[in-house]
Each structure stands twice: as C-alpha cells, then as structure tokens.
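Structure first, commentary second.
No lab work stands behind these numbers, since they all come straight from the coordinates. Quick caveat: nothing in here was measured; it's all calculated off a predicted structure. Positions of Cβ are generated from backbone atoms using ideal geometry, with glycine treated the same way; all protein chains shown enter the neighbour counts.
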Amino acid sequence: MARQLEHFDNLVSLFLTRAAEKGDAPFLWAKREGAWRSISWGEAARQVAALAAGLKRIGIRPGDRVALVSENRPEWLIADLGIMAAGCVTVPTYTTNTTRDHAHVLGNSGARAVIVSSQKLAKNLVPAVFNSDECHHIIGMEEIRAGQAPDWVNVHHWAELTKGEADVERLRSDIATVKRGDLACIIYTSGTGGAPRGVQQHHGAILHNLEGCTDIISTDFGWGDELFLSFLPASHAYEHSGGQHFPVALGAQIYYAESLEKLAANIEEVHPTIMVVVPRLFELLRTRIMKGIEASGGFSKYLLSRALKIGSDKYDGRLKPWDMPMDGFLALTLRKKVREKVGGRVKAWVSGGAPLNPDVGIFFQSLGITFLQGYGQTEAAPVIACNRPSVGIRLDTVGPPVKNCEVRIAEDGEIMVRGENVMHGYWRNEEETARVLKDGWLATGDVGHFDEKGRIKITDRKKDLIVNDKGDNVSPQRIEGILTIQPEIAQAMVFGDRQPHLVALLVPDPEIASKPDLQQRLQRAVDRVNADLSVIEKVRRFILADEAFTIDNEQLTPSMKIRRHVISNVYGERLLGLYRR
C-alpha cells in the first residue's frame with residue numbers, strides 16, 4: 001500500500017518531525033578533506049533551533065526577510081529552515097549574482113539580514129549591503145572580511161549563532177503558530193527578459209508540491225531509504241523544493257556534490273536513488289557516454305546500437321519477440337554497466353527546468369534509466385505535472401498533473417493552473433500579479449493540450465514563439481533542443497521573427513572548435529537536423545558565436561536558460577546580415 005505524506009502546517013514542523021524520527025541517523029553530507037562527512041538529523045535540528053534563536057537575538061523579527069547567498073552545502077538547508085523557524089522569510093539568491101543583482105534583490109525584498117557562505121561570494125554582496133537602506137546584518141558561514149562597514153551594518157559569524165544548547169521542543173511549540181498560508185520564501189525568477197520578480201511561495205505551496213511528488217514516488221516506485229545528490233542551485237525553485245525539502249519529506253539523506261566537474265565521480269561514490277536534473281546535463285552526459293562507447297569501438301558500439309533500437313521499439317510498444325533475448329542480454333551487460341556508472345541504485349532521474357528533447361530521454365531509457373520529465377514554474381512552487389510509470393511514460397509529454405493540482409486549457413491554448421501550489425503573487429508588484437493570476441488561475445504562458453491519457457503536452461511558449469513574415473508560428477526551443485543533441489553543437493539560438501526563414505547562432509563543441517573543417521562539420525550537423533524538420537522550421541544559414549553562452553556574460557540565466565534578448569542584442573546585426581547575403 002502506498003504511503004502518503006502526513007499533513008503539516010509548515011515546512012519546519014515537517015523537518016522537526018522527521019528529525020525526531022531519525023535522531024542520530026546521517027542526514028546532510030559534504031566532502032571535507034577528501035572524505036564524506038555527515039551531519040545527523042538531530043544535530044541539524046539543534047542547529048536550526050540555535051540559528052532561529054540567534055536571529056531573534058540580533059533583532060530579526062517574525063515576517064522579516066533574510067537573504068541567503070551560498071553554494072549548495074549542508075548549511076544552506078539549515079539556514080533556510082532556521083530563517084523560517086524564526087518566523088522569517090527566506091530570500092534565496094544566486095551565487096552568480098553581480099553587485100547590481102544583489103542590490104535589486106535586497107532593495108526589492110527589503111531584507112533585514114543576509115547569510116553568505118564565503119569571502120568569495122561576499123565580494124559582490126557586501127557593496128550591495130552597504131548601499132542598502134534596510135539590510136543591517138551580514139552573517140558569514142565562514143569568516144567574512146567586510147572592510148570598513150558603516151555603523152548600521154553588523155557582521156556576525158555562523159558558529160556564534162549556532163553554537164551551544166538549543167531548545168528544539170520549544171521551537172516545535174513556537175512554530176505551530178505558522179500556518180500553510182504564511183509566506184515561506186521569496187524566490188526571484190531568473191530574468192530571461194527584464195528584472196527578476198520575487199515570487200511569493202507560502203508554506204502550503206511547497207508542502208503541496210511535496211505531497212504530489214511523494215505520491216508519485218510512493219505509488220510508482222516504493223518509498224524506501226532514499227538518497228539524493230544535490231548539485232542544481234538551491235536558490236532555484238526546482239532544486240529548493242525538489243532537491244532540498246522533498247528529501248526532508250521522505251526522510252532521505254542529501255549528499256552535496258563537490259562541483260559540476262566532479263559530478264560523475266560523486267554519482268559513482270554515493271549511489272543516489274533519485275536525481276533532480278536539468279536537460280542540459282543529460283545532453284552533456286549523453287554526448288560523453290556516446291563518445292566513450294565510440295572510443296571503445298567494436299562490440300561496445302554494436303551493443304549501443306542494439307540497445308537504442310530495442311529501447312526505441314519498447315518505448316513505442318513494438319518490441320519484436322525475436323529481440324527479447326538480446327533485450328535480456330543487454331540488461332546483464334551494457335545496461336548493468338551504465339547503471340553502475342550512475343551508482344547502481346537509481347530509481348529515477350527527474351528532468352525539469354526546461355524542455356527536454358524526447359530523443360535524449362529515450363536514449364537513457366534504452367540504457368536502463370527510468371527517466372521522468374516534469375513541468376513547473378516558480379509561480380507554482382514549482383511542480384505542476386510529472387511523468388509516472390503507472391500512467392505510462394511519454395517523453396514528448398510532461399505527464400499528468402500532480403495530486404490536487406487543477407490544470408485546464410484556455411481557449412487560446414494557454415495552460416492554466418489552480419491549486420494550493422499557486423503563488424499568492426509577486427512581491428511588491430501588483431501589476432504583474434494581476435497579469436498572471438486570473439480568478440485564482442495561474443496563466444503559465446505555455447501553450448499545450450492533454451493527450452488521451454490526461455498527460456500534458458506542451459507545444460509552445462507564448463512569448464517565445466517566432467512568427468515569420470508569413471504569419472507562421474515556430475517554437476525555437478524545440479529546434480534548439482534538436483540542434484544541441486548533435487555532437488558537433490554545444491549551444492544554439494534560433495532567430496527569425498518577421499523574417500522569411502530561420503537562421504541560427506551556434507556554439508561548436510569545444511573538441512571540434514579548432515578543426516580546420518569546422519564550418520563543414522557544423523553544416524553537416526545542421527543538414528541532419530533539417531532533414532527531420534518542416535519547411536518553416538528548417539535552419540537556412542548560421543553564424544558562429546564569439547564565445548559560449550554563460551552566466552558570466554549574462555547570456556544564460558542561473559538556471560541555464562538562454563537569455564534570448566541579451567544574445568540578440570549582441571549578435572542581432574550579424575544574424576540579420578544572413579538575410580542580405
């Protein structure tokens with residue numbers, strides 16, 4: 001029988017309940033001096049209670065906003081819970097923020113204090129604090145040198161605020177006054193077009209997500225001793241709910257990856273059962289696996305080709321009886337080897353945050369990895385829908401809506417969402433709130449429909465559509481996704497609004513960037529893509545980008561989406577030049 005998540009009034013009560021159940025069992029893991037070291041559930045609860053008391057001691061009051069600037073580490077989640085345990089509101093911010101970005105978040109949120117992990121991250125933050133009207137406290141997880149701080153800014157050390165005895169039982173009683181409708185955090189959208197907006201997520205919104213996700217895991221996979229590996233930015237709604245508070249709900253352990261470069265090694269070391277990932281990582285991992293098998297040659301290449309053909313046939317429900325012995329052989333050889341590479345215990349990889357090319361998902365399904373594509377928005381805390389085996393996994397859909405989430409399709413095809421997971425509005429932005437919240441329904445800006453099994457199929461993004469000079473609508477994200485699974489293409493942006501056809505800006509794979517026949521290689525890749533596209537979708541010409549799209553050059557958001565307007569400002573004239581040749 002599937003186990004359901006109990007009813008909780010707030011996220012801190014959920015955490016304290018799990019901490020009481022788990023006691024001295026390991027909870028949060030990080031690598032220190034070459035070895036994985038853990039913080040137990042009980043110790044984490046003590047630190048949460050101590051931090052909450054410490055915040056009150058320095059003058060932070062219930063309802064105050066406290067910003068959090070840190071890479072993923074055990075202290076991140078402890079800080080988030082500690083802020084909420086003090087009756088305050090967490091304002092997570094990206095580690096890649098510039099001083100200007102920090103100034104916007106601090107000013108807009110009215111944060112009274114900020115917790116920062118290191119001197120490196122304090123470099124861009126401190127000047128914004130010094131120029132803030134309301135932020136009077138900096139709390140450093142490590143020692144922070146703030147220079148000559150103005151009189152109204154106080155610098156504190158994490159260790160001082162979290163040391164000593166803490167009354168966890170008193171906290172359990174105090175936090176009972178916080179209800180599901182109370183504000184838990186303000187998460188700023190990553191700003192693909194314009195200044196980030198603060199999404200108000202209440203406790204019930206995130207708890208609603210946790211209940212829906214727990215229902216999927218419990219019903220479709222079995223709720224056991226789960227282990228997560230955290231590496232997506234915890235300040236992003238997807239990782240915040242899915243990679244931090246969801247493991248708390250399951251009583252799971254969280255390992256914090258050392259870095260993206262060491263992620264593959266960390267996966268082999270810690271044996272995660274669930275991974276919350278964005279499509280771009282899967283695309284990179286797919287390329288790496290294919291290159292490794294190509295390099296092995298011979299029998300390995302043959303097994304891969306058979307695995308992909310059989311996997312595709314199984315996905316489409318047309319596996320031939322005579323292929324079943326080979327299917328069994330692959331389970332004992334190639335798929336087993338791949339599963340060992342990803343820890344050997346994986347139940348599912350969950351993809352979200354951006355559209356996934358179905359071919360990438362089918363690739364991993366063919367290699368024995370259960371692959372679930374989900375869908376959500378920060379404004380919905382963020383989970384709206386997810387594929388699940390009990391309904392049937394179709395990777396050209398995002399699955400059915402999660403438990404207790406209503407979804408309807410408006411007359412113009414826009415996906416509308418209603419439920420406890422929907423935000424109460426944007427912080428201090430009534431105009432934008434009124435634009436997206438309509439009679440209790442969240443207007444997602446995505447266009448789609450339901451299939452015959454109630455799974456949502458997203459076809460377009462309203463504001464991202466390219467409309468050519470003949471009035472045809474084209475979805476650039478779909479074409480970009482197909483381009484970037486070609487081994488020669490690392491990144492792509494399609495261009496062509498109000499133009500006769502599409503052109504593209506390409507970032508080549510680093511391994512071929514210096515090849516003398518680079519242009520020809522890329523042209524062959526584009527030709528392969530064009531062969532499967534309709535006439536209006538074909539990419540007629542392309543140019544090369546001067547550099548990769550990155551967060552540092554502001555051409556990628558922190559959640560790895562391309563900033564179309566920024567890239568167009570840089571390359572627009574050159575792209576338009578392709579139409580004049």
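The mean sequence distance of close C-alpha pairs (under 8 Å, at least 6 residues apart), as a share of the length of the range 122-262, puts its relative contact order at 14 percent. With helices as the sole contributors, the chain gives -11000 deg cm²/dmol at 222 nm; each DSSP H run of n ≥ 4 counts as -39500 (n - 2.57), and the sum is divided by every residue. Sequentially through the range 155-169, phi angles give Karplus couplings (6.51, -1.76, 1.60; θ = phi - 60°) of 9, 10, 10, 3, 4, 5, 7, 10, 7, x, 5, 9, 8, 5, 5 Hz, Gly and Pro residues having no value and appearing as x. Model label points for HIS565 and LEU544, set 7 angstrom from Cα along the Cα-to-Cβ axis, are 3.1 nm apart. This ranking places ASP215, ASP359 by how few other beta-carbon atoms lie within 10 Å of each, fewest first, which gives ASP359, ASP215.
On a per residue basis, the convex hull of the C-alpha atoms belonging to the range 257-385 measures out at 113 Å³.
The Kirkwood radius of the range 11-188, taken over pairs of alpha-carbon atoms, gives through the Stokes-Einstein law at 4 °C and 1.567 mPa s a diffusion coefficient of 79 µm² s⁻¹.
The base-10 log of I(q)/I(0) for the chain, evaluated at q = 0.07, 0.10, 0.11 Å⁻¹, reads -0.43, -0.90, -1.09 [Debye formula, identical scatterers on Cα atoms, solvent excluded]. Partners of LYS336 within straight-line reach, counting aspartates and glutamates whose Cα lies under 17 Å from its Cα and excluding those fewer than 8 residues away in the same chain: GLU268, GLU269, ASP327.
Per-residue Cβ neighbour counts within 10 Å put THR378, THR287, THR333 in the sequence THR333, THR287, THR378, beginning with the fewest. Under the classification rounded if a/c is under 1.5, otherwise prolate if a/b is larger than b/c and oblate if not, where does the range 465-577 fall, given a ≥ b ≥ c as square roots of the Cα gyration tensor eigenvalues? Oblate shape, in that a/c is at least 1.5 and b/c is the bigger or equal ratio.
Once the Cα atoms are used to define both axes, helix 279-296 deviates from the longest principal axis of the chain by about 50 degrees.
In this Cβ point-charge picture (+1 for Lys and Arg, -1 for Asp and Glu), the range 1-135 has a dipole of about 260 debye about its Cα centre.
Applying a threshold of 26 Å to the alpha-carbon distances of LYS470/LYS561; LYS314/LYS453; LYS262/LYS291; LYS403/LYS438; LYS120/LYS515 flags LYS470/LYS561; LYS120/LYS515 as lying beyond it.
Using C-alpha pairs under 8 Å with a sequence gap of at least 6, the mean separation divided by the residue count of the chain gives a relative contact order of 11 percent.
Summing +1 for each Lys or Arg and -1 for each Asp or Glu among the other residues whose beta-carbon sits under 15 angstrom from that of VAL89 gives +3.
Measuring nothing but alpha carbons in the range 433-503 and taking Rh as the Kirkwood radius, the Rg to Rh ratio lands at 1.07. Working from Cα pairs under 8 Å separated by at least six residues, relative contact order for the range 5-95 is 26 percent. Taken along its three principal axes, the alpha carbon spread of the range 336-444 comes to 53, 29, 23 Å, from the longest extent down to the shortest. The ranking of CYS185, CYS405, CYS88 from fewest to most other beta carbons within 10 Å of each one's beta carbon is CYS405, CYS88, CYS185.
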